[in-house]
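Here's the structure, in structure tokens; my notes come after.
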Amino acid sequence: MAFLDRSQIVETNPRPPAARGKELFAGILLVSLLATVGIRNIVPVDALAPAIVTLLFAVAALTAGFALLCRRDRFRVMWFDLAGSLTFIGVVLSVLIEPDQMIRLFALTDQPE
């Protein structure tokens, strides 16, 4: 009955600690949503979409910068994935921006339209 003796079973390779990529990405999107609500009162409605896209690109750049500073390979790839996802969301949202919105964002307010 040697096959019933489980005292010699040893775990050879314990699982490494799980990376919390999904939770971090959800947190970043939640913070972006809260920033959108906060920016909505400051920025005109026409400039809201370009401001949000710029915010997403800035957060993606900061995330990629942090990934370059990270030393462990597994977490580094996770941070680059997050930066790429935020960049992709920014590109998709930038398709919704009309050229007139960008002109109004950089135009002087004293000039007539």
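The values are calculated or read from the model by the stated rules, or taken from the named source; none is laboratory data. Fair warning: this is a prediction, and the values are worked out from it, not measured in the lab. Reconstructed Cβ throughout: ideal geometry from the backbone, glycine too, with neighbour counts over all protein chains shown. SASA here: full protein model, heavy atoms, side chains in, ligands and nucleic acids out. Shrake-Rupley method; radii C 1.70, N 1.55, O 1.52, S 1.80 Å.
Quick check on my filter: what residues within region 40-64 are more than 18 Å from residue 89 (Cα to Cα) and either surrounded by 12 or more Cβ atoms within 10 Å (Cβ to Cβ) or touching a Gly at 6+ places or on another chain (Cβ under 9 Å) (or both)? If the condition is that a residue be more than 18 Å from residue 89 (Cα to Cα) and either surrounded by 12 or more Cβ atoms within 10 Å (Cβ to Cβ) or touching a Gly at 6+ places or on another chain (Cβ under 9 Å) (or both), then 40, 43, 44, 46 are the ones that fit. In the set 37, 43, 53, which member is closer than 23 Å to residue 98 by Cβ and assigned to a loop (DSSP other than H, G, I, E, B)? Answer to the check: 43. Among the residues of region 65-74, those that are open to solvent by 40 Å² or more (accessible area, probe 1.4 Å) and over 16 Å from the mean Cα position of the chain (by Cα) comprise 69, 71, 72, 73, 74. Applying the criterion of being in a helix (DSSP H, G or I) and of a type in the set (D, E, K, R) to the residues of region 80-103, the residue that is surrounded by the most Cβ atoms within 10 Å (Cβ to Cβ) is 81. Only a single item in (1) modelled with pLDDT of 85 or more; (2) open to solvent by 60 Å² or more (accessible area, probe 1.4 Å); (3) of a type in the set (Val, Ile, Thr) is not met by residue 77, and it is number (1).
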